[in-house]
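Working notes for the structure below.
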Amino acid sequence: MAQGIPETVMMNTALIKELADVAKDAALLQGVLMRIQETPNSSELVTYAPFTLFPTPVPKAVFIQSLSVQTHYNTLVDKISQDTDFLQEALASTIAVDDFTARLFRIHQQILKEGRSQHIVLGLNRSDYMLDQREDETSSLKQIEINTFAASFGGLSSRMPDVHRNILKVAGRLEESQRILDNNPADGLARAVAKAWELYGRERAAVMFLVEESQRNIFDQRYIETELWKRDIPTIRKRFDDVCKTGSLSQDKRLFVDGQEVAVVYYRNGYMPQNYISEQTWDARLLMEQSLAVKCPDISTHLAGTKKVQQVLARPGVLERFFPNQPQVVEQIRATFAGLYTLDMGPEGDKTVAMALAAPDRFVLKPQREGGGNNIYGSEICQVLEGVKESTERTAYILMDKIHPTPVQNYLLRRDAALKISSCLSELGVFGAYVRKGSDMVMNECVGHLLRTKSSEHSDGGVAAGVAVLDNPLLI
Ligand code: ADP
Ligand code: MG
């Protein structure tokens, strides 16, 4: 690609080998780290988080577009979370057939019935995009999804710019090294958490990271923890099991875990059905939602991030509901939407089924799941749809236009993997952070970005899923 890394560098085997060695050391020095798969709960042995040897060209205009729409996405998510009727309507057909979403929705309803005890809202999200290649060779920014729950890699991506700058300088590409922007989502995410903690107003109360059983990606979270400790904000790491065993509410609904008052619950676990291993785990989630602690995200913001809501937002007139007098905001958000189609029962859903069966390669079929590896592509779309098309089971899915980014050659560096050139596709994520107190937005910012790149052999992505790797945009 024009203004990317030249062929002479990409094809120089001896140089590539040398650069890969430099790159791995640079990643370790910068702290782009992961625990190893064999011992995910120990830091005795760590390795570099997988990453690309070179940064990937991204046109400046679309990059800026992705940053400038982010605060509107923050507002949108926040407004959806407060619109009970909208959530109810949007998710009605989904919760009738999808047990996990239904379960979350029941918690949401129970909280509404009991009355929300906390009016401080903390949102940390990441809106993900791919650049759809147009026939005229330009590309357009299309949203893949928005993650309102446990959006990761804000920590590690803060360390990535210096890794690629170092590699490019060793490769003699000083000019390119200067086209890599600074990036520090960890700082912005932590600032929002700190703000919520401050508004909660109890110096001894902690920020609780609700973490997974297996914690390979702990360093990503440690960056945010460290930022909080710098501000003298106590942080603790607890699992669902800890909350099950030691969690309780005081009479005024303050949350205590292991005897410690919790000001903010920052969920880094709890977005997949398998995270809820028992009824007690669900009880623990409910307890946290009922508490006075600030939840990131609260249950309604969690639901606002579902793929079904994303599809409903793309329907004509829906964005206008949330931005009634702001046509330019509506336009800015809508410009990033790909084609999204309902599979609800009725003629519109029937049309979607027929369209998908006729040309499955043009689409992605998505269930209401997060974390990578759940979507359905190609001929498998037909298999799945043939099985469910006559029943309400189909409403567990949405259909989306498949986005076609321009493949770019790169080397993916991953522990114990052979060094070989691959055709790669990238996904740009933009981090948003906001804090609201009652009706007052006290913070609403775009706090950084993340570029993830995968081999084009894989349809689905995800760094944690072992497919994508960390990258940086090289602005062109
Ligand atoms: P998840 O919640 O599992 O991350 P996503 O919607 O982000 O679900 O999809 C996972 C991956 O599948 C993405 O990272 C991307 O690589 C691929 N993908 C998803 N939607 C599309 C699409 N419309 N076009 C092309 N690839 C897609
Ligand atoms: Mg995703």
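The values are calculated or read from the model by the stated rules, or taken from the named source; none is laboratory data. Note that the coordinates shown come from a computational prediction; the quantities given were computed from them, not determined experimentally. In this analysis, Cβ positions are derived from the backbone assuming ideal geometry, glycine residues included, and neighbour counts consider all displayed protein chains. When the accessible area is computed, the model is the full protein with side chains, heavy atoms only, and any ligands, DNA or RNA have been set aside. Shrake-Rupley method; radii C 1.70, N 1.55, O 1.52, S 1.80 Å.
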| Restricted to segment 221-252, and to residues that are among the acidic types (Asp, Glu) and in a helix (DSSP H, G or I), which residue is surrounded by the fewest Cβ atoms within 10 Å (Cβ to Cβ)? | 241
| said: Any residue that is closer than 22 Å to residue 144 by Cβ, without any contact (Cβ under 8 Å) to a residue 60 or more places away in the chain and not aliphatic (A, V, I, L, M) - is there at least one of those in segment 417-437? | reply: yes
| request: Scan segment 311-341 residue by residue and report those that are away from ligand 2 (no atom under 16 Å from the Cβ), β-branched (Val, Ile, Thr) and in contact (Cβ under 8 Å) with a residue 60 or more places away in the chain. | output: 312, 329, 333
| task | Output the number of residues of segment 29-57 satisfying the condition of being among the β-branched types (Val, Ile, Thr), within 21 Å of residue 409 (Cβ to Cβ) and surrounded by fewer than 24 Cβ atoms within 10 Å (Cβ to Cβ). | result | 0
| remark: Only one of (1) within 14 Å of ligand 1 (Cβ to nearest atom); (2) more than 22 Å from residue 91 (Cα to Cα); (3) open to solvent by 50 Å² or more (accessible area, probe 1.4 Å) does not apply to residue 416, and that is (1)
| How many of the residues making up segment 351-406 are acidic (Asp, Glu), away from ligand 1 (no atom under 12 Å from the Cβ) and surrounded by fewer than 14 Cβ atoms within 10 Å (Cβ to Cβ)? | 3
| query | residue 466 fails exactly one of the following numbered conditions: (1) within 13 Å of ligand 1 (Cβ to nearest atom); (2) touching a Ser or Thr at 6+ places or on another chain (Cβ under 9 Å). What is the number of that condition? | reply | (2)
| query | residue 136 fails exactly one of the following numbered conditions: (1) at pLDDT below 95; (2) of a type outside the set (Ser, Thr, Tyr); (3) within 24 Å of residue 398 (Cα to Cα). What is the number of that condition? | reply | (3)
| task | List the helices (runs of 4 or more DSSP H) that sit entirely inside segment 61-174 and contain at least 2 residues that are over 30 Å from residue 197 (Cβ atoms) and either open to solvent by 60 Å² or more (accessible area, probe 1.4 Å) or aliphatic (A, V, I, L, M) (or both). | result | 84-95, 99-114, 160-170
